[in-house]
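Worksheet: one structure, shown below.
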Amino acid sequence: MMNPDELLGQSNLANSSLDQDFRDLFAMSFTTLNISENYDQIYKKDPSCAIPKRLIELYVKHIQPDYNRMIFNFKKKYVYNESLVEKNDTKEQRQGLGLVYDYIQNYDVDQPFNIFISTMKISSLLWQPTDDKNTKGIRKEIEDKKKRIAELKEEAKRTKDLSKFHEARKLQSDVDDVSFKQKIGGSIRSGNDDEVKMYGTGINVPTAKEALEFMNSYLSPQKMNEFNQVLKHAKIFNYISYCVKEMCKIIYYQPFTDGNKRTARAVLNLMFKARGLPPVYIKAKERDNYKEALFKAIKDNDYKDIIGFYLFKICDSIYELDIVPYKNERLADFHEEMNGESYESVL
C-alpha cells in the first residue's frame, strides 16, 4: 500500500489500463472543458450539461478512479479554501476541516452508510478544535470564578458583610450556567428557533423540532434502504442529483447552530466517494454563483442550476486532481525524451 507521500501528485489516469492515446484524449477533453469554462463559454452553450455528463460517465466507466489519489491531492491544495467560501476563517476552523477530510479519506465505503451518523460525525470534527479551545477557556473561567467565590466567602465571614455573600452566590450561579454551555459541533440545535432565517435570503429556517425530526428520518430503515438502493443501482447522474438534493435539504433544515453549509458539502463529498467521484471544492470567486443556485433550489424547489453547478465542479475536480498531475507527468517524460522540447501544444 502506498504511503501519503507516494500518493501525492499521482494520477488515476496515468495508472489506468487505457491505451496511451486514449489517456491523452481524456487529458485533452478535460483541458478543453477547463479552458472553455474559464471564458464562460460552456455555461452559455451547454445549458443541458451534456458535455460534463458525458465526460463524467466516460471517466467513471473507463478510469475506475482510486479515491485516495484524489483526496490526497485535494487536501494538499483546497481543503483550507472551504472556510473562505463562507468568509469565516480561523486557525481552528481550518484545523477542523483537516480533521473532516481525514475522516472522509479514511472512511470505508464498504461499511453501511447512514447520512445521519456521517453528518453528526462531520459536524463534530469540523468544530472539534474550536470546541476544545472554548472548553479550555470555560474551564479557566470556572476556575477563576470559584477562586473568587472562596475569597468572597472568606471576606464575608471575616467582615460580616452580607453583600459579599450575595456576590458569591451570584458568581456561583454564573459558574453553574457556564458549566452547561453547549458545544458547537455535533449537537442538533434546540430552543425556540421559529424566527431564524438564513442571512440575506429571506428563507425561514424550520424550527429546531422540525430539524430534529428531519435528521432522525435518516435513521429510518426506509431512508437507509432508499440511499443504498440509489448508491448501488442508480445511474451516475441520478446518483449525483440525489446526493446534491440531500445536501440542499440539510442546509435548508439548518440542524446545527453553525457550519451547516460546510458540514453538508463535506457529507456530499463523502457520498461522492461512495461512487468513486472526486471531492468537490468551491473557489471563492464561485461563491455567488453557488449560493444563487443553492437558494434557488431551497426557495423554489428548482434543483436544475445547483445540480448543473456540481456537474461542472466534478469535472473541475477531475481536471485539477487527476488530469493536471497526468499532464505534468507526461510533460516531464517528453521533456526528457525530446531533450527539453515542450509537449504543451498537444496537451
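The values are calculated or read from the model by the stated rules, or taken from the named source; none is laboratory data. These numbers come from a predicted model, not from an experiment. Quick reminder, even Gly has a Cβ in these numbers, built from the backbone with ideal geometry, and neighbours come from all protein chains shown.
Taking L13, is it among the hydrophobic types (A, V, I, L, M, F, W, C), under 15 Å from C315 (Cβ atoms), outside any helix (DSSP H, G or I) and modelled with pLDDT of 80 or more? It is true that L13 is among the hydrophobic types (A, V, I, L, M, F, W, C), under 15 Å from C315 (Cβ atoms), outside any helix (DSSP H, G or I) and modelled with pLDDT of 80 or more. Selection of the stretch 19-49 for residues being closer than 19 Å to L277 by Cβ and either modelled with pLDDT of 85 or more or not charged (D, E, K, R) (or both) yields F26, A27, S29, F30, L33, N34, C49.
Applying the condition of being more than 17 Å from G308 (Cβ to Cβ) and surrounded by fewer than 14 Cβ atoms within 10 Å (Cβ to Cβ) to the stretch 47-74 and asking which residue is farthest from the chain's Cα centre (by Cα) yields K61. A count restricted to the stretch 172-200 and to residues that are modelled with pLDDT of 65 or more, surrounded by fewer than 12 Cβ atoms within 10 Å (Cβ to Cβ) and over 16 Å from P255 (Cα atoms) stands at 3. Is it true that K147 is surrounded by 12 or more Cβ atoms within 10 Å (Cβ to Cβ), over 30 Å from K296 (Cβ atoms), at pLDDT 85 or above and not small (G, A, S)? No, not satisfied. If the condition is being under 19 Å from M215 (Cβ atoms) and either more than 21 Å from the chain's Cα centre (by Cα) or surrounded by fewer than 16 Cβ atoms within 10 Å (Cβ to Cβ) (or both), then the stretch 115-143 contributes only I117. Just so you know, in the stretch 226-274 the residues that are outside any loop (DSSP other than H, G, I, E, B), of a type outside the set (A, V, I, L, M, F, W, C) and in contact with a Ser or Thr (Cβ under 8 Å, 6 or more places away or on another chain) include one that is nearest to S118 (Cα to Cα), and it is T263. Residues that are assigned to a loop (DSSP other than H, G, I, E, B) and among the β-branched types (V, I, T) were ranked within the stretch 275-317; the one that is farthest from N228 (Cα to Cα) is I282.
Identify the residue in the stretch 258-306 that is more than 27 Å from N38 (Cα to Cα) and acidic (D, E) and, among all such residues, is modelled with the highest pLDDT. Filtering the stretch 258-306 for residues that are more than 27 Å from N38 (Cα to Cα) and acidic (D, E), the one modelled with the highest pLDDT comes out as D300. Return yes or no: is R330 modelled with pLDDT under 90 and farther than 26 Å from D66 by Cα? It is false that R330 is modelled with pLDDT under 90 and farther than 26 Å from D66 by Cα.
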